[in-house]
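For reference, the structure is listed below as structure tokens.
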Amino acid sequence: MNQKAIVIGAGLGGLSISCLLASRGYDVTVYEKNATYGGKMQEFEMDGYRFDTGPSLFTMPFILERLFEECGKSLNDHISFKEPDPLCRYLYQDQTIFDNYSNRAETVEEIRKFAPEDEVSYSHFLDYSEKLYTKTADAFLFNPLYQFSDLKGLNLIDFLGIDAFSSVSKKVDEHFQSDYLRKFFKRFTTYNGSSPFQAPATLNVIPHVELNQGGYYVEGGMYRIADALYELALSQGVKFEFRSAVQSIQVDDSTVSGVTLETGDVINADLAAANSDATDTILNLLDENAVSRSKRKRQKSIEPSCSGFVMLLGVEKQWEELRHHNVFFSENYEQEFWQIFQEKILPDDPTIYVANTSFTESAHAPDGCSNLFVLVNSPYVTKDQDWKELGESYSSFLIDELERRSLGGLKKSIAVKKIITPDDFLKLYGSNRGSIYGTSSNGLFSAFVRPRNKVRGLKNLYLVGGSTHPGGGIPLVVQSAFNAMSLIERHRD
């Protein structure tokens with residue numbers, strides 16, 4: 001009889017580990033508290049407008065391709081993806097516009113127009129970013145880093161050369177003279193919910209992933225990735241129970257024996273993989289006696305990543321200024337992150353990201369209209385916030401800001417409006433205090449000490465998803481499933 005595996009949560013990590021387990025002969029059932037799969041990757045449609053509500057960029061497709069190949073399928077049979085042109089448009093408050101392309105020569109030509117002093121530095125920095133990737137990928141991403149033997153392939157010289165003792169901001173400032181390029185390269189740290197003024201310079205590896213390897217959009221919308229993973233799971237025999245929240249994980253003698261649902265039903269299993277937030281799993285799903293007091297205390301003290309304030313705007317207007325991806329920079333970038341992480345308030349001069357997928361796919365909005373996904377980095381949830389009140393006041397503020405920063409006539413053109421706050425991320429997905437990426441990397445080594453993909457002290461509980469090693473974002477979430485599967489096979493053997 002096949003061993004029975006329970007997966008908690010049908011986010012991208014849960015879908016990925018369920019596919020890998022089933023492909024290796026496990027009898028897999030996924031329990032999801034919400035009505036559908038995808039976790040934070042969802043879509044919303046209303047009155048002819050279509051929006052992705054989660055990730056808007058697809059990088060490192062080779063990781064997802066590998067998942068499908070290991071299950072005997074081809075990713076290309078499920079989704080098609082391409083690079084937007086340009087990759088992204090950046091708009092500064094002095095009216096400077098920077099179109100960033102995957103073609104390095106095209107980008108350098110753009111930089112020559114507004115920051116010629118940095119055109120050579122741009123290529124040098126991307127070469128430096130690639131070297132960081134070469135030094136860190138095998139050792140820190142494609143490696144579970146669970147026990148000492150996992151470090152045997154780590155080259156000490158490489159480790160000393162990954163800039164873990166400087167900050168992203170300091171290293172960027174050393175390379176560039178103009179405020180334009182400094183803001184541009186500091187922005188990438190937000191991809192894992194951290195501050196460029198606190199996170200280690202090792203995270204300067206992120207520009208390589210998008211600008212050298214490629215940043216893609218999935219035709220039909222990013223949610224097609226969730227569709228493809230769900231279809232892959234079904235093809236492997238995975239079973240799904242939606243609207244079935246797990247209340248607790250049952251542990252007997254350091255071994256998970258099953259889970260108890262909110263209905264009171266007890267489901268037995270030989271192993272469990274939790275795609276729930278790692279902090280929520282350790283502090284709320286496990287009994288206090290299941291893990292050590294020191295581990296609980298350490299988990300409770302971990303700083304969450306930032307969250308996000310989102311508006312979905314269906315607008316009866318189009319703008320020449322907008323491309324597919326657009327970033328409207330704040331004037332004072334350091335002050336913005338100080339407010340988010342230290343004061344824990346919404347920034348009064350935010351950097352505003354706008355995804356306008358109707359630029360690429362006209363079917364995502366009625367003729368002559370736009371579907372604007374608006375995102376601002378925000379603090380995680382604290383007891384001092386009233387997100388119902390903030391949702392209304394801050395959305396009005398952002399609309400006024402966007403009008404001031406190029407999108408004239410926005411307010412009177414809005415036909416559809418939906419707000420998603422950090423409190424929604426907390427309630428819908430149980431993420432640590434409403435954070436998007438679980439754990440921040442605001443410390444010298446915090447990027448390397450995320451919760452591992454197996455809970456220490458328990459024989460058969462594994463963790464996947466953006467709150468675990470190696471981090472957030474589509475490719476790393478899928479990689480967390482590979483890391484967990486590696487540990488499952490290691491400990492089964």
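For the stretch 272-313, enumerate the residues that are touching a Phe, Trp or Tyr at 6+ places or on another chain (Cβ under 9 Å) and either over 27 Å from L21 (Cβ atoms) or among the β-branched types (V, I, T) (or both).
E303, P304, S305, C306, S307, G308, F309, V310, M311, L312, L313
If T53 passes every condition in (1) crowded, with 19+ Cβ neighbours inside 10 Å; (2) touching a helix residue (DSSP H, G or I) at 6+ places or on another chain (Cβ under 8 Å) but one, which one does it miss?
Single failed check for T53: (2).
Can you tell me which residues in the stretch 265-286 are more than 23 Å from R450 (Cβ to Cβ) and in contact (Cβ under 8 Å) with a residue 12 or more places away in the chain?
If the condition is that a residue be more than 23 Å from R450 (Cβ to Cβ) and in contact (Cβ under 8 Å) with a residue 12 or more places away in the chain, then V266, I267, N268, A269, D270 are the ones that fit.
I need the full set of residues from the stretch 91-150 which are at pLDDT 90 or above, over 25 Å from the mean Cα position of the chain (by Cα), surrounded by fewer than 18 Cβ atoms within 10 Å (Cβ to Cβ) and of a type in the set (S, T, Y), in order please.
Selection gives T96, S123.
Could you check the stretch 187-272 for strands (runs of 3 or more DSSP E) lying wholly inside it with 2 or more residues that are of a type outside the set (D, E, K, R), at pLDDT 95 or above and in contact with a Gly (Cβ under 6 Å, 6 or more places away or on another chain)?
The qualifying strands (runs of 3 or more DSSP E) are 266-268.
Can you tell me which residue within the stretch 25-71, out of those that are free of Cβ contacts under 8 Å to residues at least 24 places away in the same chain and assigned to a helix (DSSP H, G or I), is farthest from G215 (Cα to Cα)?
Going through the qualifying residues, I end up with E69.
Kindly indicate whether any position in the stretch 417-431 is more than 30 Å from N371 (Cα to Cα) and buried (at least 20 other Cβ atoms within 10 Å of the Cβ).
For the stretch 417-431, residues more than 30 Å from N371 (Cα to Cα) and buried (at least 20 other Cβ atoms within 10 Å of the Cβ): absent.
Mind checking whether some residue in the stretch 444-453 is surrounded by 18 or more Cβ atoms within 10 Å (Cβ to Cβ), modelled with pLDDT of 95 or more and under 26 Å from E361 (Cα atoms)?
no
Which residues, counting only those in the stretch 22-53, are closer than 22 Å to G438 by Cβ and of a type outside the set (D, E, K, R)?
If the condition is that a residue be closer than 22 Å to G438 by Cβ and of a type outside the set (D, E, K, R), then V30, Y31, N34, T36, Y37, G38, G39, M41, Q42, T53 are the ones that fit.
Table: residues versus (1) in contact (Cβ under 8 Å) with a residue 60 or more places away in the chain; (2) over 18 Å from the mean Cα position of the chain (by Cα); (3) not in a loop (DSSP other than H, G, I, E, B).
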position	(1), (2), (3)
K300	no, yes, yes
L312	yes, yes, yes
E320	no, yes, no
R323	yes, yes, no
V327	yes, no, yes
S330	yes, yes, no
E334	yes, yes, yes
Q342	no, yes, yes
D348	no, yes, no
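The values are calculated or read from the model by the stated rules, or taken from the named source; none is laboratory data. Given the structure is predicted, the values throughout are model-derived calculations rather than measurements. Positions of Cβ are backbone-derived with ideal geometry, glycine not excepted, and every protein chain shown enters the neighbour counts.
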